[in-house]
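First comes the structure, then the notes that go with it.
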Amino acid sequence: MKNELINVQLEKLVHHLESFRIAEYMDLLERPAKLILINFIAGIARGLGIAIGATVVFAVLLNFLHSLILLNLPGIGGFIAEIVHIVEMKNGKF
């Protein structure tokens with residue numbers, strides 16, 4: 001009776017450890033070159049994702065600002081035009 005309970009508990013433990021993929025993780029730790037390669041590729045993917053995401057957000061923002069300028073709203077249009085003028089002065093165009 002007690003042995004059966006211990007066997008059941010051990011089987012549950014083995015199942016949980018297999019679901020955590022401990023063996024694969026230990027295999028990965030034993031080969032540092034593979035670990036470095038995986039982390040390098042993951043870093044490139046994150047950086048590319050951030051760059052693409054920021055580009056999309058800024059493109060949408062610029063499109064929104066462009067549409068605000070086209071509406072020719074009195075307060076907002078002048079404010080945006082002044083910002084554009086300041087940026088152009090900093091870049092040496094004026």
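Kindly indicate whether R46 is out of contact with any helix residue (DSSP H, G or I) (no Cβ under 9 Å at 6 or more places or on another chain) and either surrounded by 11 or more Cβ atoms within 10 Å (Cβ to Cβ) or among the hydroxyl-bearing types (S, T, Y) (or both).
No, not satisfied.
From (1) part of a helix (DSSP H, G or I); (2) surrounded by fewer than 10 Cβ atoms within 10 Å (Cβ to Cβ), pick out the condition that doesn't hold for G92.
(1)
Six or more apart or on different chains, Cβ atoms under 6 Å: show the pairs whose first residue is in segment 8-29 and surrounded by 10 or more Cβ atoms within 10 Å (Cβ to Cβ) and whose second is outside any helix (DSSP H, G or I).
As it stands, the answer is none, since no pair meets every condition given.
Read-outs: derived from the displayed coordinates by stated rules, not from any lab. Here the structure is a predicted model, which is why all the values come from computation and not from measurement. Backbone-built Cβ (ideal geometry, glycine too); neighbour counts: all protein chains shown.
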